[in-house]
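Working notes, structure below.
The values are calculated or read from the model by the stated rules, or taken from the named source; none is laboratory data. What you see is a predicted model, and the numbers here were worked out from it, not measured in a lab. A quick note on method: Cβ atoms are made from the backbone with ideal geometry, for glycine too, and the neighbour counts reach across all protein chains shown.
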Amino acid sequence: MRANSLALRLFFSATTWIVVILVVAGIILSGVYRSAVERAFDRRLQVYLRTLVADVATPDESVERFPQSLSEPLFELPLSGWYWQVTRLDTARPELRSSRSLWDSTLAHLDDRAAITSPGGARQGYVDGPEDQRLRVVERTIDLGDEGRFVVTVAGDAAEIDEEMRTFDRALVATFTVLAIVLLLTTTFQVRYGLAPLKRISEGLAAIRSGGSERLEGGFPVEVEPLVRETNALIDANREIVNRARTHVGNLAHALKTPISVMMNEAATHAADPLAEKVREQTEIMRDQVARHLERARLAARVASIGTVVEVRPVVGSLARTMEKIHHGRGVEIEIDAPQEARFRGEQQDLEEMVGNLVDNACKWAQSRVSIEAFPEQPDASGERRFVRIVVDDDGPGLTPSQREQVARRGRRLDETKPGSGLGLSIVMELATLYGGRLTLGTAPIGGLRAELVLPGA
């Protein structure tokens, strides 16, 4: 999941809600369970409380021990955490009777504000006991009329409640942790599965751009089906526009070619006439300009086409064999180094025209050797655009920096003895620019001119 992606947003939003829900549910469950534990603990204390209340209400004077019916060893063990206490309130000085476990201490009464009163009249709450023990207390006030008014208190060690809660909380945390992991894995699967169609669309568009496919194929969910349909319609419209532009360019070329040829023929029949000579000169310029702009329009239409990929090695090999035959009498040897992975994203005819001009120019000036090297370059910083570099070297005289600038201009030739129109390098530069590439001239390691052509790759 990359930053600023839909997958990351969905994952983090789902994770946030999962954590919030589990934390809230954990707090609620822990609180509910604590209430249940306290109620169970209070019921236990209530048993002892009712026993004490009965003994206070109906004392048996013949029995010395008080209370008569309360039998719990913890009440006999000093500072055990389990205590009872009976306080008579209607005397000038409160009279206390307590369990042996309380030793010489006394139990504090519940604060009315902190106590909870049960339907039976008893109150429950927490107080601090001997040795800073935290005690759960149940107490009840009884009025026996002439026999007195008493507060009966029973306390138990709250550590049992706390220990029970710690055990439950550990189990709850472990359970919710496992549940959170399972939910997060499920969320990850759902995000990946739900966004898989978008990934297929992205891969399909990359295949179209690289020439591996012409349309987005396959079934897609109804939510993204309109996107796929409109994308395919856009691709079809693009191809239709390109085909229409090619047709118009061809029609225009044929429409202009005939009038220009007629004008040149008419001027040639009156060669002695200065006006005819001027017409012929201007007609040649016009034909060159028309050819130039028609070529640019044709190239722009071809470059706008989507999904054409050409392997460089077969094209370079074919051009090398052709140039060796053309320059056979000069004994020029052409070396080729082009791996299979070097591919050009564009029209084969344009690649042949660009590389053919460079190789032909190198063969014209080389003494005995021309080297052609093609290799794919690393993607750019965005990682989306790839390039292929084609390097043509010769062992000829080479060019100075000022001469390199001159030959790049359309129609400029440094040596009129060499065949050609002087348009080769200019055409290569225009084509490379239309494809988003570039042509640079330098000095070859073998002594002559180096031409480096960088074009979009696949």
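Residues checked against (1) exposed (fewer than 13 other Cβ atoms within 10 Å of the Cβ); (2) not assigned by TED's automatic domain parsing to the domain that holds E131:
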| residue | (1), (2) |
| --- | --- |
| V154 | no, no |
| A159 | no, no |
| L185 | yes, yes |
| A206 | no, yes |
| G218 | yes, yes |
| T231 | no, yes |
Inspect all residues belonging to the range 177-195 and state whether any of them is touching a Pro at 6+ places or on another chain (Cβ under 8 Å) and at pLDDT 85 or above.
-> no
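Listed here are the residues, each with its yes/no results for (1) at pLDDT below 85; (2) farther than 22 Å from E352 by Cβ; (3) surrounded by 15 or more Cβ atoms within 10 Å (Cβ to Cβ).
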{"residue": "K364", "(1), (2), (3)": "no, no, yes"}
{"residue": "F375", "(1), (2), (3)": "no, no, yes"}
{"residue": "Q378", "(1), (2), (3)": "yes, yes, no"}
{"residue": "D394", "(1), (2), (3)": "no, no, yes"}
{"residue": "S402", "(1), (2), (3)": "yes, yes, no"}
{"residue": "E405", "(1), (2), (3)": "yes, yes, no"}
{"residue": "E416", "(1), (2), (3)": "yes, yes, no"}
{"residue": "G424", "(1), (2), (3)": "yes, no, yes"}
Inter-residue pairs, beta-carbon under 7 Å, first assigned to a helix (DSSP H, G or I) and in the range 252-271, second charged (D, E, K, R) and surrounded by 11 or more Cβ atoms within 10 Å (Cβ to Cβ), 6+ apart = I260/R287; M264/R280; A267/R280; A268/R280
In the range 329-383, which strands (runs of 3 or more DSSP E) lie fully inside it and hold 2 or more residues that are of a type in the set (G, A, S)?
-> 369-377
When you look at A25, is it within 53 Å of the chain's Cα centre (by Cα), within 12 Å of M165 (Cα to Cα) and of a type in the set (A, V, I, L, M), yes or no?
-> no
